[in-house]
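The values are calculated or read from the model by the stated rules, or taken from the named source; none is laboratory data. Computed from a predicted model, the values in this text were never measured in an experiment. Cβ placement follows ideal geometry from the backbone for every residue including glycine, while neighbour counts extend to all protein chains displayed.
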Amino acid sequence: MDIRHRPTTHLVGERFAAFAANDGVETVNRFIGNIRAGLYDELAEPVRLGVGQGVDASDWEVVATELAKRGLLTSFRLPAVPVPVARDLVHKRCPENVMLADARRRGPLRLAARLNLSDMNELVLDHVTGQHVAGMVLIEASRQLMQLTNHEFVVNDEAHSFVLCSLAAAFEGYVFPLAVDMECSLTKVDDSRPARREYAAEVVISQGGAAKATVRAEYQIVRTRSLVRQEAMLAGKAATTPAEPEVVPRICAPAARRGERVGAS
């Protein structure tokens, strides 16, 4: 359907170009190209732009600039640009690998945020399968939200570290690269041992008001100094482990045709 007959158009990054084949979705690059080509110069009614995944603040700046050049700022309703969380609060070095934005408290031990994927995020650079957001992306985003929740409610200093003990994920439906809501609840808080505090958390991932995935984890907050010392000791032991016996290299066989056996000839 032509954008001139749609009340809302969602913009997504190039990594989600397959999803942009649907009505109501454009990649940000294609949308900018259409602005420059004058395809939206005669809109009858204003069109609302929706924030999809893979579009960052710099993309929205370009969109606004190109619309202004053609006098179209009143023809489109631009969204509020998501505000990413600080990278140190989710333990990432590169800004493009931060997956959360618009964090806000929802209760004494509950924190909500929006999924906010960069087109250059490490988990979408290699490939995107189909039109949906991959489960591994949602798991990492959940881990980041747990970290953020710890900083908000539990401990917020470099003297303590997060140690993951177990993690489980359940998926109830596809999550597509549009707006995604996430909420983390601390379900266990055991501070009885200050040197090794025990916690459990649950993250619910929703889209369109329906829960799509749940990620649960158990973890500990321990003193960083003790953790570094223990890790160094275990690393030293691992480094002195005898080498494994040599094995004959194996060459992977090509995929078999129907009815053929795969194995050594």
Qualifying positions in region 149-165 - over 22 Å from Glu231 (Cβ atoms) and either surrounded by 21 or more Cβ atoms within 10 Å (Cβ to Cβ) or of a type in the set (Gly, Ala, Ser) (or both): Thr149
Search result, residues across region 36-75 that are touching a strand residue (DSSP E or B) at 6+ places or on another chain (Cβ under 9 Å), in a helix (DSSP H, G or I) and charged (D, E, K, R): Asp59
When residues of region 63-86 are limited to those that are without any contact (Cβ under 8 Å) to a residue 40 or more places away in the chain and within 23 Å of the chain's Cα centre (by Cα), the one farthest from Asn116 (Cα to Cα): Leu78
Residue list for region 165-179, filter: outside any strand (DSSP E or B) and either under 19 Å from Ala201 (Cα atoms) or over 17 Å from the mean Cα position of the chain (by Cα) (or both): Glu172
Count of residues meeting criterion [in contact with a helix residue (DSSP H, G or I) (Cβ under 7 Å, 6 or more places away or on another chain) and either closer than 30 Å to Val128 by Cα or not assigned by TED's automatic domain parsing to the domain that holds Ala200 (or both)] in region 164-188: 7
Leading residue by the ranking (nearest to Ala101 (Cα to Cα)) among those in region 11-68 that are surrounded by 14 or more Cβ atoms within 10 Å (Cβ to Cβ) and among the polar types (S, T, N, Q): Gln53
Matching residues in region 204-246 - criterion: being closer than 30 Å to Arg193 by Cα, part of a strand (DSSP E or B) and of a type outside the set (A, V, I, L, M): Thr214, Arg216, Glu218, Tyr219, Gln220, Arg223
Matching residues in region 23-33 - criterion: being modelled with pLDDT of 95 or more and either basic (Lys, Arg) or more than 22 Å from the chain's Cα centre (by Cα) (or both): Arg30, Phe31, Ile32, Gly33
Looking only at region 88-103, and only at residues there that are among the acidic types (Asp, Glu) and outside any strand (DSSP E or B), the one that is farthest from Leu164 (Cα to Cα): Glu96
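Here's the yes/no breakdown for (1) touching a strand residue (DSSP E or B) at 6+ places or on another chain (Cβ under 8 Å); (2) surrounded by 19 or more Cβ atoms within 10 Å (Cβ to Cβ); (3) more than 15 Å from Arg114 (Cα to Cα):
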position	(1), (2), (3)
Val137	no, yes, no
Ser142	yes, yes, no
Leu167	yes, no, yes
Ala179	yes, no, no
Leu186	yes, yes, yes
Answer from Leu100, Leu111 - the residue that is crowded, with 20+ Cβ neighbours inside 10 Å, in contact with a Phe, Trp or Tyr (Cβ under 9 Å, 6 or more places away or on another chain) and assigned by TED's automatic domain parsing to the domain that holds Leu125: Leu111
